[in-house]
Each structure stands twice: as structure tokens, then as C-alpha cells.
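Here is the structure we will look at, set down as C-alpha cells.
The values are calculated or read from the model by the stated rules, or taken from the named source; none is laboratory data. Keep in mind that what you see is a predicted model, and the values were worked out from it rather than measured. Cβ placement follows ideal geometry from the backbone for every residue including glycine, while neighbour counts extend to all protein chains displayed. Surface accessibility is based on the protein's heavy atoms, side chains included, excluding ligands, DNA and RNA. Shrake-Rupley method; radii C 1.70, N 1.55, O 1.52, S 1.80 Å.
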Amino acid sequence: MNNETNAIAKIAQFLSECRHAIAFTGAGISTESGIADFRSPGGIWSRYQPVLFRDFLQSEEARRQYWKMKKEGYYELKMAKPNDGHRALARLEAAGRIIAVITQNIDGLHQEAGSRRVLELHGTRRYCLCLECGARFDPDEIQKHLEDGVEIPLCKHCGGLVKSATISFGQSLPADVLAEAFDLSMSTDLVLALGSSLVVEPAASIPLQAKNNGARLAIINNAETPLDGLADIVVHQSIGATLSQVVRHLGYEMEVKKPETSRPFAANSKS
Ligand code: CNA
């Protein structure tokens, strides 16, 4: 057996031995779906400065910049499809091998792959939100307004500021989601940390806290992370290929039945 085969067998063994495994994912799990990660050259952040939440609230120019950036990146996110990494996690959840996915991603690809318990620490691109009255809007509808020349969309019910339901820099993370994620970090016995540079806080503290509380930590990431030295196993390979081999090593097929997905913007939409 070579090193890679050993690593796959080891992760499969960890998954067989644990009772409350969780996955913690970052932008790296979605690069194989064509979505640039945070650090890649050519990504949207290399062309635009991220707009701080405070600036979004206070400055019309910042809002114009925010929506210009959203408009430009819209189809990359909308057209992306789940890859083997997302599918493998959905399969592991369906088989009872992991109990939840905690993600820093906003792309919704875990849910599209069939994962059911997904904690989105940084919100979601799957709907837009009025910051005044809470009305939700289909992002396709907002994109159409932008393409029709509207620079700063406003709520059609109350005239309030509309924003993507993603969390901007300087905006609080959803407290209930964060609390649930930290609770999981205290009860889990295995964390699979996948495609995250493990530097963005407070999210990166979740695998660290789990490890400090006695859980095993397995990292799959194609570059080094600050937690590599603490981990029980580190695989510097691509996530899709590695995780799908882990799934097969456990004796499962990759396909998982896709759940009925609700349209999140329709949940409490006023339209
Ligand atoms: P990051 O800091 O960009 O780290 C990603 C890591 O994944 C890097 O260490 C890469 O080397 C590694 N990586 C990239 N592709 C692969 C691959 N195929 N296999 C294995 N490893 C890979 O991203 P983080 O998520 O850690 O944190 C930063 C930001 C990025 C978070 O706040 C996210 O919300 C945000 N973000 C999300 C998305 C998305 O939703 N898909 C896209 C871009 C940025």
C-alpha cells in the first residue's frame, strides 16, 4: 500500500470507529465545481475590494460596488454543480457516518448534493433579504433588475435596503448557527476538515475546539494549514478524488438520493 492508499484506509477507519463525526468545509471543496476559492489569482476578490457591512449600510457608493460585484459573479455561482466531494459527504450522511456539515461556503452545493443537515456559517447566496422588513427575494429576480440597469435594488414592499443573505465582512455571523456549530464541536468525536485554509475566524476555531476536546481531526487540503501539526491525519490531495475513495473503501456507492429542495426565498416571501 502506498501513502495515499494508507491515508484513505485510515480516514475510512476513523469514520467506522466514530459515532458523531462532522465535516467542516471551506471554499476548497467547491473549486472542483468551478468556483474560485478565496486565495486563487483571478478570483473576484482579486478584482474588487470586499465591501464591509458598515460601508454597505452607510454609503451609496459602497452599495453600488457591492451589487456590481454580485452581478459579475452571479452566473459562476448559479451554474455551479456539486462535485464528488459534495456527493461523498451527502453519501456519508445518508449512511449515518457523519451527522452534519458545517460550511463556510455560501454556494448551497452541499444541499444540492443531498446533504440534509448543513450549517451555513457565512449565510447563503440562495436568497436575498430586505434588511428592514425581512422579506426574501429570489436572487434571479434581483439579478434581472441589475441587468436591467438598476444599480442598487430596494425592497418592493418597504423600500429598505436589499442584500444577499451572505454574511459580509464586519457583519455578525448568525448566532443560532454559530451556537449549534460550537455545540457540535464539543460533542463530535471526528472532524473532517476539507478545503479550508483554517485561518478565517471564528469558523476556524470549530475544528480546533473539537480537537482540544478529544475529537480526532482529519484534514484534506491541497495546501498546508496551521492545524496540520495537530491533526491525526493530513492528506495534501484534492478533496473529490480522496473522499470518493474513502466512500468506496467503506463499501458505499457514491449516488445519494437528492432531497426535495425548497426554494428558500419563498419561505417567508411577501411577494
Ligand atoms: P480559503 O482561505 O480560500 O481556503 C481554501 C483552501 O482550500 C486553500 O488552502 C486551498 O489550497 C484549498 N483547496 C482549493 N481547492 C482544493 C481542492 N480541490 N482540494 C483540496 N484543497 C483545495 O477558504 P476558506 O473557506 O477556508 O475561508 C475563506 C472564506 C472564503 C470563507 O469566508 C468563505 O465564505 C469564502 N468563500 C466561499 C466560497 C464558496 O461559497 N464556494 C467561494 C469563495 C470564498
* Asked: When the residues of segment 177-230 are filtered to those that are β-branched (Val, Ile, Thr) and out of contact with any Ser or Thr (no Cβ under 7 Å at 6 or more places or on another chain), which remaining residue is farthest from the ligand (Cβ to nearest atom)?
  -> Thr188
* Filtering segment 231-244 down to residues that are assigned to a strand (DSSP E or B) and within 12 Å of the ligand (Cβ to nearest atom), which residue is most open to solvent (accessible area, probe 1.4 Å)? -> Val234
* **Number of the condition not met by Asp232 [criteria: (1) out of contact with any Phe, Trp or Tyr (no Cβ under 8 Å at 6 or more places or on another chain); (2) modelled with pLDDT of 95 or more]** => (1)
* To do: Would you mind finding the one in Arg54, Arg64 that is open to solvent by 90 Å² or more (accessible area, probe 1.4 Å), among the basic types (Lys, Arg), modelled with pLDDT of 95 or more and under 24 Å from Arg126 (Cα atoms)?
  => Arg54
* Structure fact -> Those residues of segment 28-50 which are aliphatic (A, V, I, L, M) and at pLDDT below 95 amount to Ile35, Ala36, Ile44
* **Residue among Cys130, Cys158 that alone is in contact with a Cys (Cβ under 6 Å, 6 or more places away or on another chain), open to solvent by less than 10 Å² (accessible area, probe 1.4 Å) and over 23 Å from Arg91 (Cα atoms)** => Cys130
* **Selection status of Arg91, farther than 19 Å from Ser33 by Cα, assigned by TED's automatic domain parsing to the domain that holds Asp189 and open to solvent by 40 Å² or more (accessible area, probe 1.4 Å)** => no
* How about segment 21-112: which helices (runs of 4 or more DSSP H) wholly inside it have at least 1 residues that are within 12 Å of the ligand (Cβ to nearest atom) and not aromatic (Phe, Trp, Tyr)? -> 60-79, 84-94
